[in-house]
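**Student:** Input: one structure, supplied below.
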Amino acid sequence: MDNNATQPDNNMEERLWQFIDGSASADEKTVISELLEKEAAWKEKYHELLEIHQLVNATELESPSMRFTKNVMEQITRQHIAPATRTYINNRIIWGLGFFFIALLISMLVYGFGQTTFSSGSDNNISQQLDKVNISRFFSNNWINAFMFINVVIGLILLDHYFSTRKKTFRQEM
Amino acid sequence: MSTGLNDTEIINQVLRGNHQAYAVLVDRYQAYVFTLCLRIVKTREDAEEVAQDVFVKAYRYLADFKGASKFTTWLYTIVNNTCISFLRKKKLDIRSLDDENVFASADSQVSDMQANQVEQKSRVQMVNNAIALLSPDDAQVITLFYKAEQSLEEMAQVLGIETNAVKVRLHRARTRLKEKMERNFATELKDLN
């Protein structure tokens, strides 16, 4: 007996649905066509599924009320077409902001490493070496403090913008 | 008149200020949108409200339609989002495909339908009734595939999932539809054979 015919019923259905939809590959179509000729179970299932397929295909679309178009047209007289998103989201600005923050991060790292004194000691244990790093030296600098302050302010502005957009969307949906 | 024009040409007319041309698009797709909404929100009143909302939203954001996909694919994405928002607002469950409760609650609707079965013996009505018993997810995927003329790739775009996931959903939805038909409309199915 063909191995394909002994596969679980669910797999048979799935393959038959693909065959009926026409989404099965050419090879698969050939295999299934052969199975339909040889295997009674496949043939029976095929006719069962085909009937459902044809029944669902035969259903008609539902129609809304006669006033539907009129109602929509009345509603849109109170609306304005919003400008396309791409016109007010300028990709150059997004890229510019991205480069700005990357440049800030890189300059901060360069500055940080510039302030560090590298010395080769006999102690190679990384955790012990990290303990020796004087973190307060980085954060006591006025420039770093100013950078952190600006980031916090930008973060708060973005958070405020995010919440006000959500509020606006929620009101529109209401 | 705009009736002989294709969707993109009509959209361009609307964007140029001929707002009345939008009525052609509404006329053209109202049955598709309404049927999809009805399959998801289940009652005609709600479906009519949601379908109108869909067309108003589509009008408002018409400038965002880039023409990269079919207008219907873009429109059905709005249908999908609007229906989900509507169901959330109505505090109805947007049930997952694997939730067995969906069948239990859907089956409770059968008794009401059986009362009308004598008058609803036509094939179409039987299938519509069976689809009405499905969860919104299943009913939506079946309607998109059979009635909304959407390919699996377009359905994936509308539903925001992968094409393979659409195939799985469609297969499960059809299996459940078959079960519903066999369980609730066995006599009618026998009569058809």
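The values are calculated or read from the model by the stated rules, or taken from the named source; none is laboratory data. From a predicted model like this one, the values you see are computed outputs, not experimental measurements. Heads up, the Cβs are rebuilt from the backbone with ideal geometry, glycines too, and the neighbour counts pull from every protein chain shown. Accessible surface areas use protein heavy atoms only, side chains included; no ligands, DNA or RNA. Shrake-Rupley method; radii C 1.70, N 1.55, O 1.52, S 1.80 Å.
**Student:** For the stretch B:74-89, which residues satisfy the criterion of being open to solvent by less than 20 Å² (accessible area, probe 1.4 Å), more than 12 Å from every other protein chain (Cβ to nearest Cβ) and either without any contact (Cβ under 8 Å) to a residue 12 or more places away in the chain or within 12 Å of the chain's Cα centre (by Cα) (or both)?
**Tutor:** Kept after step one, since they are open to solvent by less than 20 Å² (accessible area, probe 1.4 Å), are these residues of the stretch B:74-89: B:75-76, B:79-80, B:82-83, B:87.
If we keep only those that are more than 12 Å from every other protein chain (Cβ to nearest Cβ) too, we end up with B:75-76, B:79-80, B:83, B:87.
Those that are open to solvent by less than 20 Å² (accessible area, probe 1.4 Å), more than 12 Å from every other protein chain (Cβ to nearest Cβ) and either without any contact (Cβ under 8 Å) to a residue 12 or more places away in the chain or within 12 Å of the chain's Cα centre (by Cα) (or both): B:Leu75, B:Tyr76, B:Val79, B:Asn80, B:Cys83.
**Student:** Within 19 Å of A:Ala103 (Cα to Cα) and at pLDDT below 90 - does that describe any residue in the stretch A:121-128?
**Tutor:** We begin by selecting, within the stretch A:121-128, every residue within 19 Å of A:Ala103 (Cα to Cα); these are none.
So far as the stretch A:121-128 goes, no, none of its residues is within 19 Å of A:Ala103 (Cα to Cα) and at pLDDT below 90.
**Student:** Turning to a different aspect of this structure: Out of the stretch A:57-96, which residues are in a helix (DSSP H, G or I) and at pLDDT below 90?
**Tutor:** Selection gives A:Asn57, A:Ala58, A:Thr85, A:Arg86, A:Thr87, A:Tyr88, A:Asn91, A:Arg92, A:Ile93, A:Ile94, A:Trp95, A:Gly96.
**Student:** Looking at the stretch B:112-135, can you tell me whether even one residue there is away from chain A (no Cβ under 14 Å), farther than 30 Å from A:His80 by Cβ and modelled with pLDDT of 90 or more? It would help to see each step written out before you state the result.
**Tutor:** Initially, the stretch B:112-135 is screened for residues away from chain A (no Cβ under 14 Å), giving B:112-119, B:135.
This time we only want the ones that are farther than 30 Å from A:His80 by Cβ, so: B:112-119, B:135.
Within this subset, residues satisfying the condition of being modelled with pLDDT of 90 or more are B:135.
Yes, some residue in the stretch B:112-135 is away from chain A (no Cβ under 14 Å), farther than 30 Å from A:His80 by Cβ and modelled with pLDDT of 90 or more.
**Student:** Go through (1) over 22 Å from B:Ile78 (Cα atoms); (2) within 12 Å of chain A (Cβ to nearest Cβ); (3) out of contact with any Leu (no Cβ under 6 Å at 6 or more places or on another chain) for B:Lys180 and report which single condition fails.
**Tutor:** For B:Lys180, the failing item is (3).
**Student:** In this structure, is A:Glu39 under 16 Å from A:Gly22 (Cα atoms) and charged (D, E, K, R)? Break it down stepwise before answering.
**Tutor:** Working: under 16 Å from A:Gly22 (Cα atoms): no; charged (D, E, K, R): yes.
In short, no.
**Student:** Can you name every residue in the stretch A:13-49 that is away from chain B (no Cβ under 12 Å), under 26 Å from B:Val127 (Cα atoms) and over 32 Å from the mean Cα position of the chain (by Cα)? It would help to see each step written out before you state the result.
**Tutor:** Going through the stretch A:13-49, the residues away from chain B (no Cβ under 12 Å) turn out to be A:19, A:25-44, A:46.
Right, trim to under 26 Å from B:Val127 (Cα atoms) and you get A:19, A:41-44, A:46.
Within the stretch A:13-49, A:Ala41, A:Trp42, A:Lys43, A:Glu44, A:Tyr46 meet the criteria.
**Student:** Which fully enclosed helices (runs of 4 or more DSSP H) of the stretch B:1-68 have 2 or more residues being of a type in the set (Ser, Thr, Tyr), open to solvent by less than 10 Å² (accessible area, probe 1.4 Å) and outside the structural domain of B:Asp138 (by TED's automatic domain parsing)?
**Tutor:** Values: elements: B:7-15, B:22-41, B:44-60.
Fully inside the stretch B:1-68 and qualifying: B:22-41.
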